[in-house]
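Take a look at the structure below.
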Amino acid sequence: MTSTYGPATPFVHLFLRAAWQRTGPGLVQVLADSPPGRVLDLGSGTGAALPWIAAAAPGRDLLAVEPEEGLRAVLLALVAGDDGLRPRVTVLDGTFPRDPLPTDLAAVVVGNALGHFDPAQRDEFWRQCAQVLPAGGRVLVDVAAHEDPSPSPEAPGAVPVQVGRRRYEAWATCDVTGLQTVRWRMRYQVLEPTTGADGGDRVIEERVASYDWWVVGPRRVRTEAAAHGLVPAAPAAPEGCLLLEKGRRARR
């Protein structure tokens with residue numbers, strides 16, 4: 001997995017945190033009855049999902065793997081500054097599939113990261129999940145809303161976040177680059193109210209980041225995962241996600 005957020009790194013946690021505020025409660029529900037064992041947050045980013053994973057798996061050890069140094073620095077600071085997370089979460093520098101999945105896992109969470117994997121890497125991911133998870137072990141992944149790539153003109157990419165006097169905005173553009181791939185262009189702005197009579201905002205800073213993404217919809221995920229004995233689980237997953245479970249006859 002290669003992370004290419006680059007100039008966007010200072011803004012990622014602001015918007016991921018807001019997104020997980022909406023998704024997190026559903027995460028607690030679907031992971032609460034997974035088998036005993038460690039939980040892996042693969043592509044943890046800045047750790048925005050970790051408080052919710054910790055709530056879903058009380059008392060368990062958590063592994064947070066993030067390859068990009070800038071995001072991992074925020075992740076480590078978040079874990080170290082939280083009395084509930086610090087004794088339970090181990091932060092790791094790893095890049096899948098170069099670094100294989102850890103063993104003794106009960107569940108794997110992949111939020112906003114599956115699109116970094118090409119088809120061969122995804123097949124290896126499903127294979128390793130089936131290998132390391134026990135029967136009933138779960139995999140929660142985010143999936144695209146559509147099965148095929150489609151272009152998108154620039155539009156708000158997240159709900160604006162207000163911090164002090166400054167407002168942080170994200171804008172997203174999507175261009176199709178292949179049969180299953182797109183390129184996202186993210187534009188981040190920092191705005192502050194002006195002191196003039198017009199009462200408008202002025203742009204303090206603007207940064208642009210682009211990265212390539214594999215579009216992986218729910219049908220493709222089900223088909224790929226089923227080849228390794230991972231099937232949709234009964235609890236309803238949070239919006240935009242798919243919950244898979246290892247059956248007793250999963251292929252190794």
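The values are calculated or read from the model by the stated rules, or taken from the named source; none is laboratory data. On a predicted model such as this, the values are computed, not experimentally measured, just so you know. Every residue, glycine as well, gets a Cβ built from its backbone with ideal geometry; the counts of neighbours run over all protein chains shown.
The table for this structure:
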{"read-out": "Hits in the stretch 3-58 - residues which are under 30 Å from residue 190 (Cβ atoms), in contact with a strand residue (DSSP E or B) (Cβ under 9 Å, 6 or more places away or on another chain) and of a type in the set (Ser, Thr, Tyr)", "value": "3, 4, 5, 9, 23, 44"}
{"read-out": "Count of residues meeting criterion [touching a Pro at 6+ places or on another chain (Cβ under 7 Å), buried (at least 19 other Cβ atoms within 10 Å of the Cβ) and part of a strand (DSSP E or B)] in the stretch 205-245", "value": "3"}
{"read-out": "The stretch 39-66: number of residues that are in a loop (DSSP other than H, G, I, E, B) and closer than 22 Å to residue 10 by Cα", "value": "8"}
{"read-out": "Single residue of the stretch 59-77 satisfying the filter (free of Cβ contacts under 8 Å to residues at least 40 places away in the same chain and out of contact with any strand residue (DSSP E or B) (no Cβ under 8 Å at 6 or more places or on another chain)) that is surrounded by the fewest Cβ atoms within 10 Å (Cβ to Cβ)", "value": "59"}
{"read-out": "Residue tally, condition of a type in the set (Val, Ile, Thr), surrounded by 15 or more Cβ atoms within 10 Å (Cβ to Cβ) and either within 30 Å of residue 39 (Cα to Cα) or not assigned by TED's automatic domain parsing to the domain that holds residue 201 (or both), over the stretch 131-180", "value": "5"}
